[in-house]
Every structure is written in C-alpha cells, then in structure tokens.
Amino acid sequence: MITAIDTSVLVDVFGADARFGTSSAQRLREALADGSVVACDIVWAEVIGLFPSAAAARAALTDVAIEFSATSEAAAGAAGEAWREYRRRGGERERVIADFLIGAHATTQADRLLTRDRGFYRTYFKGLRIIDPTETKPRIG
C-alpha cells in the first residue's frame, strides 16, 4: 500500500500543531504500518521551506520514513485536466496548480492520500481514496 502525503499533514507533524498534530502523527504511523509513504516533489519543496535548510528537511523526512516521489508525466497531464475543469467551473486563483499536482500524483502514483484538505481532493479527484486525520473515525475513500 502506497500512501501519498499532503503538506498539511507534515506541517501538523513537524510543527507539533496543537489542534491536529497528534491525529496527523497517528494517521501517519498507521499509513507507514500499511506500507510506504511518499511525498511528491511539490510537497517535498513546500516542506523544505519550513526548515532552516534543505538538509534539515531531508533529515526530518528521512527520519519519519517518507520517500521522495517525483511527479510523472501522466500525473502532470491529469493535474492540468483537473485544473482546467476547476477553472471552467468558475474556480478562481485560490487554488493553484500545485494542489492539482498533489492530487494527480496521489491518484496516479499511490493508492491513497493522507490530507486534511478532503473537500477539494474529493471534488476534483473522484477515485482518490482519502485519509483525513481530522475525522474521529477516519473514513477512507
């Protein structure tokens, strides 16, 4: 089982978020027990920005056993199509292409996505299985 992870969950875990840190860390442990956890290049870059250096971020990600997974050409194409649909529906710039790349990467290169942003991903990536750490009893799917 491959679980892609969203930046929001890593911010919770690495920042020891008072509200979501514990549940996000628990869902991450569960995902690791089920298989591998991967972060696409977009998430990797966003997490690096939270640390004093790329080396410090890489060490933290490695310590937690999160693997780097570059976005494939198929995922990039799926992201572009989903973004086009979002814009066609009247979506404004509050959602940037990075969000679509994360969703498409999870859809094409993983089995599920660990994220707190369930509404957006469930709308634009219908087949994507979601694990939401904010739900008391996490609903997968």
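The values are calculated or read from the model by the stated rules, or taken from the named source; none is laboratory data. As the structure is a computational prediction, the values presented were derived from the model and not from experiment. Quick reminder, even Gly has a Cβ in these numbers, built from the backbone with ideal geometry, and neighbours come from all protein chains shown.
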* Structure fact -> By residue number, the members of the stretch 103-135 that are closer than 21 Å to Arg29 by Cβ and assigned to a helix (DSSP H, G or I) are Ala106, Arg118
* Asked: Could you say which residue among Phe120, Phe125 is hydrophobic (A, V, I, L, M, F, W, C), under 28 Å from Ala16 (Cα atoms) and at pLDDT below 95?
  -> Phe120
* Mind counting the residues in the stretch 25-52 that are assigned to a helix (DSSP H, G or I) and either of a type outside the set (Val, Ile, Thr) or touching a strand residue (DSSP E or B) at 6+ places or on another chain (Cβ under 9 Å) (or both)? => 16
* Only one of these is in contact (Cβ under 8 Å) with a residue 24 or more places away in the chain and surrounded by 21 or more Cβ atoms within 10 Å (Cβ to Cβ): Leu32, Leu101, Leu50. Name it. => Leu101
* To do: Could you tell me which of the residues Val38, Val64 is touching a Ser or Thr at 6+ places or on another chain (Cβ under 8 Å), in contact (Cβ under 8 Å) with a residue 40 or more places away in the chain and closer than 15 Å to Ala4 by Cα?
  => Val38
* **From Ala56, Ala74, residue being more than 12 Å from the chain's Cα centre (by Cα), under 21 Å from Val11 (Cβ atoms) and either part of a loop (DSSP other than H, G, I, E, B) or among the aliphatic types (A, V, I, L, M) (or both)** => Ala56
* Asked: Counting only residues that are out of contact with any helix residue (DSSP H, G or I) (no Cβ under 6 Å at 6 or more places or on another chain) and either of a type in the set (Ser, Thr, Tyr) or on the phi > 0 side of the Ramachandran plot (or both), which one in the stretch 1-19 is surrounded by the fewest Cβ atoms within 10 Å (Cβ to Cβ)?
  -> Ala16
* Asked: On the given criteria, is Thr22 surrounded by 12 or more Cβ atoms within 10 Å (Cβ to Cβ), among the polar types (S, T, N, Q) and assigned to a helix (DSSP H, G or I)?
  -> yes
* Test Ile66 against the stated conditions and say whether it is crowded, with 17+ Cβ neighbours inside 10 Å and out of contact with any strand residue (DSSP E or B) (no Cβ under 9 Å at 6 or more places or on another chain). => no
* **Which listed residue is more than 20 Å from Phe120 (Cα to Cα), of a type outside the set (S, T, N, Q) and over 12 Å from the mean Cα position of the chain (by Cα), from Glu67, Glu81** => Glu67
* Asked: Which condition breaks for Arg19 when tested against (1) in contact (Cβ under 8 Å) with a residue 40 or more places away in the chain; (2) charged (D, E, K, R); (3) more than 20 Å from Arg129 (Cβ to Cβ)?
  -> (1)
